[in-house]
Amino acid sequence: MTLKDKRSADIEIILSKYPTKRSAVMPLLYLAQEEYGYCSDEAIREVADLTALDPTEVKSVVGFYTMFFEEKTGQYVIEVCDDLPCALKGADAFVHHCERKLGVRAGQTTPDGKFTLRTVMCIAACDRAPVAQVNREYRYSLTPDGFDKMVDELKGTV
Amino acid sequence: MEKHVLLRDLDIPNIRELDIYQANDGYAAWRKAVGGMKPEGGMKPEGGMKPEEVMGVVKDAGLRGRGGAGFPAGLKWSFLPKDMFPKYVVVNGDESEAGTFKDHQLVENNPHQVIEGVALCSYAVQASTAYIYLRGEFYEPAKTLQKALDDAYAAGLLGKNIFGTNYSLDIHVHLGAGAYICGEETALLESLEGKLGQPRLRPPFPAVQGLYAKPTVINNVETLANVPPIVLNGAKWYRQFGTEKSPGTKIFCVSGRVNKPGNFELPLGQYTIRQLIEMAGGTIDGRPVKGILPAGSSAPILPASALDTKLDYESVQAAGSILGSASFVILDDTVDIVWAARKMVRFFKHESCGKCTPCREGTYWALRVYDKIVSGHGTTRDIDMLVDVANGMANKCFCLLGEFATSPVLSTIKHFRPEYEQFIREHNDGKSGDYQDELIRDHAIAVLSEVTLGMPH
């Protein structure tokens, strides 16, 4: 099944918002990423087809923006901010804790394919630092214990 | 403030819901402007304001852009050629300056006021399509905003022939995907057109050739959230807040080493930085303030001697920095300035779009020098090297990102040079245990960017 088969209604809505097909490239990449988990070559070709672009042009968009993944990620992508405002509230030590809990370094995926840990630049929630996003959903005012609990819940072991 | 103009969610619970917003003057300005049939009925369109009247009241109010530049909003709108269609309104909700989280609160907790502001701006310039560009990480706030838009459409506030008039308006939400540069207005337009977010050469300015090469207004979320109360209550009412040159209220984001970080909406020019920090619960453990970043990483740092600076565009500028988006990051005496400067430079290196050489190379080399110092291999000559690199960028970059990137370097060295010297003396052991973990982590991520100078693998 292609993206077109699976998400035709969503694709229609997205394309209807813009006077050019090209403007739909980012929303369609998000859609593809939801379906395939990352922007695979196949996903890129399909988006290129939908937007009447060359696959190379779509690939360059994927490469430019940090939220499009060029490789398979874990089921949960945990993105912890370690930019200055969060770091002033202990984000570096917090990231270190996350790495120990998950047994991987930032930028890596756990061997079971469950979690990808990444560090990110400021995500506009500095009033509730340290802050992270799990699959683009905010997790505010994190503590080491809170992080452990969250990971255990996502693992399904709690 | 007794009653908030923007952060009304602090006064009125659940104002994000359409009925509650409407029960509190919501969309009253919109009805006043567009005219047309009253909600209680009546067959013929009536009343309303001319588009230029809406523009006029915003001009008279002296509303200045809240995204950073502080350019008068009404004046910006008036630059659009009258007889060229279609026109577009694009809302900048990219909010990626480190320490900024005001638009986040506005969109999430008071979305209808944002929508009403966008609608009024669109009406004033006679655009029939508007795009609200939110940073990709605002996936959840975008859902809240989309629901608010759906409700507004269902209530006949947006869409075709609004209030029975011949004015129609569509507002769409568009998500970015993680690129600070897209907060630069022309890069944002490129991104919205489905291209890489890299800034355009100006002129032509967006007012003449913006989105899809059509006349376009680009305003920040907070700027437009000011418009409904201005149109409803008038310019004179708005000018009771703030100063002659900086009228109105502004949201100040406070983060860093304070007890109660958050957004504080205050009249411009009435309070000082010291008072703002007090509102944010004071510094942690009451430690002395070492430095203040008035607009995140982009603003030159101010030393503690600037604590009594008034909070308006002119005063902060006179003190040697910029008010910008008013995202105050507070550093106390526990913070290592060299470490903080490195964090900021790392940010700009990460976010440089790569279009122009001074920024792309300058941020790269500045970070390498910081890594050398922080990893314990620095010499005092490296301080001059940093100044050299920054001077090699200043006034030579294609857009402000590269210019901003020189701020953390030059301003921290200007005010805290002895700390750099001390840091280098104390850490010049080739080990620098304090920051090793961070450096290795950044290095692992940037592996990639070969930032290996003097660092163990």
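The values are calculated or read from the model by the stated rules, or taken from the named source; none is laboratory data. In this text, all values refer to a predicted model and were calculated from it rather than measured experimentally. Methodologically, a virtual Cβ is constructed for each residue, glycine included, from the backbone with ideal geometry; neighbour enumeration extends over all protein chains shown.
Candidates A:Gly107, A:Gly113, A:Gly103: the one that is among the small types (Gly, Ala, Ser), touching a residue at least 24 places away in the same chain (Cβ under 8 Å) and surrounded by fewer than 18 Cβ atoms within 10 Å (Cβ to Cβ) is A:Gly113.
In region B:198-221, the residues that are without any contact (Cβ under 8 Å) to a residue 24 or more places away in the chain form Cβ pairs under 6 Å with partners that are not in a strand (DSSP E or B), at six or more places apart or across chains, as follows: B:Arg200/B:Thr186. With respect to the conditions (1) of a type in the set (D, E, K, R); (2) touching a residue at least 40 places away in the same chain (Cβ under 8 Å); (3) within 13 Å of another protein chain (Cβ to nearest Cβ); (4) in a loop (DSSP other than H, G, I, E, B), B:Lys195 falls short on a single one, namely (2).
Only one of the numbered conditions (1) over 30 Å from A:Thr66 (Cβ atoms); (2) within 14 Å of chain A (Cβ to nearest Cβ); (3) β-branched (Val, Ile, Thr) is violated by B:Ile171, and that is (1). Has region B:418-425 got any residue that is modelled with pLDDT of 80 or more, hydroxyl-bearing (Ser, Thr, Tyr) and surrounded by 13 or more Cβ atoms within 10 Å (Cβ to Cβ)? Yes; the residues of region B:418-425 include at least one that is modelled with pLDDT of 80 or more, hydroxyl-bearing (Ser, Thr, Tyr) and surrounded by 13 or more Cβ atoms within 10 Å (Cβ to Cβ). Looking only at region B:354-368, filter to residues that are of a type outside the set (Phe, Trp, Tyr), in contact (Cβ under 8 Å) with a residue 60 or more places away in the chain and out of contact with any Phe, Trp or Tyr (no Cβ under 8 Å at 6 or more places or on another chain); which one of those is nearest to the other protein chains (Cβ to nearest Cβ)? Checked region B:354-368; the qualifying residue nearest to the other protein chains (Cβ to nearest Cβ) is B:Gly354. Exactly one residue out of A:Val62, A:Val47, A:Val95, A:Val25 is at the interface with chain B (Cβ under 8 Å from one of its Cβ atoms), crowded, with 22+ Cβ neighbours inside 10 Å and either touching a Leu at 6+ places or on another chain (Cβ under 6 Å) or over 30 Å from A:Pro144 (Cβ atoms) (or both), and it is A:Val25. In region B:115-134, the residue that is nearest to the chain's Cα centre (by Cα) out of those that are farther than 19 Å from B:Pro51 by Cβ and touching a residue at least 60 places away in the same chain (Cβ under 8 Å) is B:Ile132.
Residue-level analysis places B:Gly269 outside the set of residues that are closer than 24 Å to B:Trp30 by Cβ and either modelled with pLDDT of 95 or more or acidic (Asp, Glu) (or both).
In summary, B:Lys143 fulfils each of the numbered conditions (1) in contact (Cβ under 8 Å) with a residue 24 or more places away in the chain; (2) part of a helix (DSSP H, G or I); (3) surrounded by fewer than 24 Cβ atoms within 10 Å (Cβ to Cβ); (4) at negative phi with the single exception of condition (1). Checked against the criterion of being under 25 Å from the mean Cα position of the chain (by Cα) and in the same structural domain as B:Asp434 (by TED's automatic domain parsing), the candidates B:Ala366, B:Ala318 yield just one match: B:Ala366. Looking across region A:98-128, the residues that are under 30 Å from B:Asp333 (Cα atoms) and facing another protein chain (nearest Cβ under 7 Å) come down to A:Ala106, A:Thr119, A:Met121, A:Cys122, A:Ile123, A:Ala124, A:Ala125, A:Cys126, A:Asp127.
Criterion applied to B:His112, B:His104 was being without any contact (Cβ under 8 Å) to a residue 40 or more places away in the chain and surrounded by 24 or more Cβ atoms within 10 Å (Cβ to Cβ), and the one residue passing it is B:His104. Residues of region B:4-22 include at least one that is in the same structural domain as B:Pro229 (by TED's automatic domain parsing), surrounded by 15 or more Cβ atoms within 10 Å (Cβ to Cβ), under 25 Å from B:Thr129 (Cβ atoms) and out of contact with any Asp or Glu (no Cβ under 8 Å at 6 or more places or on another chain). Residue-level check: of (1) under 21 Å from B:Arg8 (Cβ atoms); (2) at pLDDT 95 or above; (3) not β-branched (Val, Ile, Thr), B:Tyr88 misses just (1).
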